[in-house]
Amino acid sequence: MQNNNRLRIVIQKSGRLSTDSKQLLIQSGMKIDLEDKRLITFSENMPIDVMCVRDDDIPGLIMDGIIDLGIVGENVLKEELLKRQSKLEDSNYIKLMRLDFGHCKLSLSIPINTNYFDINFFNHTRIATSYPYILKKYFDDKNIIFKSCSLNGSVEVAPSAGLADGIFDLVSTGATLKANGLREVEVICYSYACLICKSNNMNLFKKSIINKLLTRIKGVIKARE
Ligand code: PRT
Ligand code: ZN
């Protein structure tokens with residue numbers, strides 16, 4: 001349960017944001033052994049505990065007010081926000097800052113040999129994605145009717161497997177698209193890792209630690225610009 005004398009931060013356990021998140025906390029002056037595989041690790045020199053989980057769980061832990069601070073990709077954050085809003089569930093959080101890692105795009109891509117004219121190409125198509133809520137919002141705003149094929153992995157193989165006409169997925173270098181005979185036709189949004197904070201019941205002590213940490217994090221990022 002909540003301990004009002006220690007700040008809790010949640011980061012990705014292992015994956016693309018994991019190393020950068022751990023490094024950022026350590027470079028900000030936190031003495032902590034984040035190589036330890038425990039769910040929660042305690043900082044030796046600051047009243048802070050760090051919890052390592054799958055990235056998909058991070059927005060919910062913040063929006064439910066269970067954990068104070070989190071580092072997560074804006075893509076995962078936005079998807080959870082739209083999902084919760086559609087179900088009228090708690091979805092409050094404060095975005096404190098964008099960080100300098102985890103940069104990628106969320107794009108629509110189709111098979112390389114398919115003729116593409118404009119966004120209306122996607123009317124009445126089926127799109128494979130791990131981000132059905134972001135996609136629905138984007139297409140609803142454009143009055144485009146589509147069917148989604150929700151996949152949590154291997155999204156890029158859906159068109160060649162005959163599961164979908166196109167995909168809506170994260171793109172970084174574009175190598176995965178190329179390797180699967182796909183081409184990016186629309187960039188829907190850009191994403192970075194960001195630092196988020198719960199929006200309720202934060203006592204003055206925790207607020208002062210957050211401010212201190214934020215100043216240090218900004219210093220670390222500025223120094224590596
Ligand atoms: O296990 P867990 O659930 O925690 O991790 P995960 O497998 O869901 O996520 P992970 O570790 O792959 O990514 C974590 C976060 O990193 C994402 O939510 C993004 O915010 C960010 N990020 C940045 C990326 C990429 N770049 C990225 N390129 N996440 C995924 N990819 C994948 C993409 O899905 C596609 O399969 O990489 C492939 C494309 O890369 P390129 O370079 O070939 O274009
Ligand atoms: Zn995930």
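The values are calculated or read from the model by the stated rules, or taken from the named source; none is laboratory data. All values reported here derive from a predicted model rather than from experimental measurement. Don't worry about glycine lacking a Cβ; one is built from the backbone with ideal geometry, like all the others, and counts go over all protein chains shown.
Would the stretch 186-206 turn up any residue that is assigned to a helix (DSSP H, G or I), aliphatic (A, V, I, L, M) and over 19 Å from the mean Cα position of the chain (by Cα)?
There is at least one residue in the stretch 186-206 that is assigned to a helix (DSSP H, G or I), aliphatic (A, V, I, L, M) and over 19 Å from the mean Cα position of the chain (by Cα).
Search the stretch 152-177 for residues being over 22 Å from Ile119 (Cβ atoms) and not small (Gly, Ala, Ser), and hand back the single one that is nearest to ligand 2 (Cβ to nearest atom).
In this case the residue turns out to be Asn152.
If you take the residues in the stretch 39-55 that are hydrophobic (A, V, I, L, M, F, W, C) and touching an Asp or Glu at 6+ places or on another chain (Cβ under 8 Å), which one is farthest from ligand 1 (Cβ to nearest atom)?
Here the residue is Phe42.
Given the options Asp36, Asp64, Asp57, name the one that is under 27 Å from Leu204 (Cα atoms), more than 16 Å from ligand 2 (Cβ to nearest atom) and assigned by TED's automatic domain parsing to the domain that holds Met97.
Being under 27 Å from Leu204 (Cα atoms), more than 16 Å from ligand 2 (Cβ to nearest atom) and assigned by TED's automatic domain parsing to the domain that holds Met97 holds for just one of Asp36, Asp64, Asp57, which is Asp64.
Restricting the first residue to the stretch 63-91 and requiring it to be closer than 19 Å to Phe168 by Cβ, which pairs with a second residue that is more than 16 Å from ligand 1 (Cβ to nearest atom) and assigned to a helix (DSSP H, G or I) meet a Cβ separation below 9 Å and a spacing of at least six or different chains?
Correct list of pairs: Lys78/Lys137; Glu80/Met63; Leu81/Met63; Leu82/Lys136; Leu82/Lys137; Ser86/Lys136.
If I filter the stretch 122-144 for residues that are assigned by TED's automatic domain parsing to the domain that holds Ala179, part of a strand (DSSP E or B) and either surrounded by fewer than 18 Cβ atoms within 10 Å (Cβ to Cβ) or basic (Lys, Arg) (or both), do I get at least one hit?
yes
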